[in-house]
Amino acid sequence: VNNFISGLILMFEKPIKKGDWILVGTTEGYVKKISIRSTIVQTFDRADVIVPNSELISSQVVNMMFDDQRGRLRVSVGVAYGSDTNLVMRLLLEAAQAHDQVITDGSTPEPRVIFQAFGDSSLDFQLMGWIDQPVLRGRALDELNTAVYKAFNAEGIEIPFPQRDLHMGTVAPLKVEVVGGGQTPSEQVK
């Protein structure tokens with residue numbers, strides 16, 4: 001009964017509709033069909049998930065396309081300490097403005113870059129922009145990451161890998177002894 005009543009609510013209130021990109025629990029995909037007791041969501045792996053309508057009414061559902069077809073895109077990147085932060089921000093903005101999916105016509109907030117944090121191994125930045133079609137988010141993210149990487153390489157900006165410095169405190173100098181029994185390295189291998 002609960003699923004039936006929830007199905008009626010979905011059909012009349014229309015918080016989701018066929019074709020919407022939704023996230024409910026751990027299921028993310030497109031609404032393929034809404035029936036009276038359940039809704040079929042097709043995942044990005046092309047698997048059909050049958051979701052009871054009561055779950056769509058009683059739990060949190062993220063509808064990426066509810067009222068607006070546009071979506072926000074975020075590109076996070078860390079650069080080496082010592083990098084020119086103004087240059088990093090300029091290159092990120094130029095990459096966004098040059099991308100055909102990023103909206104720059106004033107109908108949404110303009111792309112912007114924020115200096116997020118002083119990370120363990122990097123200075124962390126985030127580029128935010130809006131795109132016309134959230135379904136193309138993966139492709140747009142791939143293309144922006146590639147453009148940013150090329151721009152950083154051209155300007156000599158390093159994207160660091162995590163690293164740790166180890167400082168050992170000792171009272172006396174460490175004694176290092178090489179044990180090899182008088183053999184050459186090639187004889188030790190045998």
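The values are calculated or read from the model by the stated rules, or taken from the named source; none is laboratory data. This is a predicted model, so every value here is computed, not measured. Positions of Cβ are backbone-derived with ideal geometry, glycine not excepted, and every protein chain shown enters the neighbour counts. With ligands, DNA and RNA removed, areas are computed over all heavy atoms of the protein, side chains included. Shrake-Rupley method; radii C 1.70, N 1.55, O 1.52, S 1.80 Å.
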Just to check I understand the Karplus step: with θ = phi - 60° and J = 6.51 cos²θ - 1.76 cosθ + 1.60, what whole-Hz values come out for the range 155-165, glycine and proline as x? 9, x, 8, 8, 9, x, 9, x, 8, 10, 9
Amide H to amide H under 5 Å from Gln116: which residues, 5+ apart in sequence or cross-chain, H placed 1.01 Å off N in plane? Asp124, Phe125, Gln126
What is the Cα centroid distance between the range 128-176 and the range 37-84, reported in whole angstrom? 25 Å
Largest to smallest accessible area among Glu177, Glu94 [probe 1.4 Å]: Glu177, Glu94
In degrees, nearest 10, range 0 to 90: what is the angle between the Cα axis of helix 85-98 and the longest Cα principal axis of the chain? 40 degrees
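How big is D, in µm² s⁻¹, for the range 34-136 by Stokes-Einstein at 4 °C and 1.567 mPa s if Rh is the Kirkwood radius over C-alpha pairs? It would help to have the intermediate numbers written out before the result.
Numbers: Rh = 16.6 Å.
Reported coefficient: 78 µm²/s.
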Which aspartates and glutamates have a Cα less than 12 Å from the Cα of Lys17, not counting those fewer than 8 places away in the same chain? Asp67
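First compute the accessible area of the range 1-72 with a 1.4 Å probe, then give the percent of it belonging to carbon and sulfur atoms.
On the way: 2510 of 4570 Å².
Summing carbon and sulfur atoms, their accessible area is 55 percent of the total for the range 1-72.
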Using only Cα atoms, find the angle between the long axis of helix 2-13 and the longest principal axis of the chain, and express it within 0 to 90 degrees, rounded to the nearest 10. 80 degrees
Once label points are set 7 Å from the Cα along Cα→Cβ at both Asn145 and Leu8, what is their separation, rounded to one decimal in nm? 4.7 nm
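Normalised radius of gyration for the chain, please: alpha carbon Rg relative to 2.2 N^0.38 Å, two decimal places.
Relative to the 2.2 N^0.38 Å estimate, the chain comes out at 1.64.
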What accessible area per residue, rounded to a whole number of Å², is obtained for the chain using a probe radius of 1.4 Å? 67 Å²
5 angstrom amide H check on Val61, placed H, neighbours 5+ away: none
Which cross-chain or sequence-distant (5 or more) residues have an amide H under 5 Å from the amide H of His99, H modelled 1.01 Å from N in plane? none
Please name whichever of Gly25, Leu87, Ile36 sits farthest to the positive end of the charge dipole of the range 1-124, dipole taken about the Cα centre and charges placed at Cβ: Lys and Arg +1, Asp and Glu -1. Ile36
Give a residue-ordered list of calculated ³J(HN,Hα) values for the range 114-130 (Karplus: 6.51 cos²θ - 1.76 cosθ + 1.60, θ = phi - 60°; whole Hz; x for Gly, Pro). 10, 8, 6, 6, 8, x, 4, 10, 7, 8, 9, 10, 9, 9, 10, x, 10
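Mind giving me the FRET efficiency for Val171 and Met89? R0 is 35 Å, r the Cβ-Cβ distance, nearest 0.05 is fine.
Details: r = 47 Å, r/R0 = 1.36.
After rounding to 0.05, the efficiency reads 0.15.
Starting from the Kirkwood radius over alpha-carbon pairs of the range 1-61, derive D by Stokes-Einstein at 10 °C in a medium of 1.306 mPa s and give it in µm² s⁻¹. Could you put the intermediate results ahead of the total?
Working: Rh = 11.1 Å.
Answer from the Stokes-Einstein relation: 143 µm²/s.
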Residue by residue through the range 40-56, which ³J(HN,Hα) values in whole Hz follow from phi under the Karplus form 6.51 cos²θ - 1.76 cosθ + 1.60 (θ = phi - 60°), with glycine and proline marked x? 9, 10, 9, 6, 6, 8, 6, 8, 8, 10, 8, 10, x, 4, 4, 5, 6
